[in-house]
1. Let me make sure I get this right: for the range 26-79, a, b and c are the square roots of the gyration tensor eigenvalues over alpha carbons, sorted descending. Under 1.5 in a/c it's rounded, otherwise prolate if a/b > b/c, else oblate. Which is it?
2. Arrange 15, 34 by Cβ neighbour counts within 10 Å, fewest through most, would you?
3. Neighbouring Cβ atoms within 10 Å as the yardstick, rank 70, 31, 44 fewest first.
4. Suppose each label sits 7 Å from its Cα in the direction of the beta carbon; what would the residue 33-residue 51 distance come out to in nanometres?
5. If I model a spin label as a point 7 Å beyond the Cα along the Cα-Cβ vector, how far apart are those points for residue 80 and residue 63 in nm?
6. In what order do 54, 66 fall by count of nearby beta-carbon atoms within 10 Å, going from fewest to most?
């Protein structure tokens, strides 16, 4: 029995896990791409055009949401109770 067919060779193969599907990686319904942003929001001419981001903590423990106003540069951040949408 050669090494390529031994039980040890078959048990040590690397398995790649795939989470979700490639066509909807973000999981956000009706998502608008950043390239499709309106000209008013892109030029930063009005207050109230917000960008929202989520920061996931080390080892996926805890999360923070950040809200940034593009015109006034106002930034708000708050801890989240969990990472799941409600």
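Bear in mind these aren't lab numbers, they're just calculated from the coordinates by the rules spelled out. A quick note: this is a predicted structure, and the numbers were derived from the prediction, not measured. Please note: Cβ atoms are built from the backbone with ideal geometry, for glycine as well, and neighbour counts cover all protein chains shown.
1. Because a/c hits 1.5 or more and a/b fails to exceed b/c, the range 26-79 counts as oblate.
2. Result, fewest neighbours first: 15, 34.
3. Ranking 70, 31, 44 by Cβ neighbours within 10 Å, fewest first, gives 31, 44, 70.
4. Modelled inter-label distance: 1.8 nm.
5. For the pair residue 80/residue 63, the computed spacing is 0.2 nm.
6. Fewest-to-most Cβ neighbours within 10 Å comes out as 54, 66.
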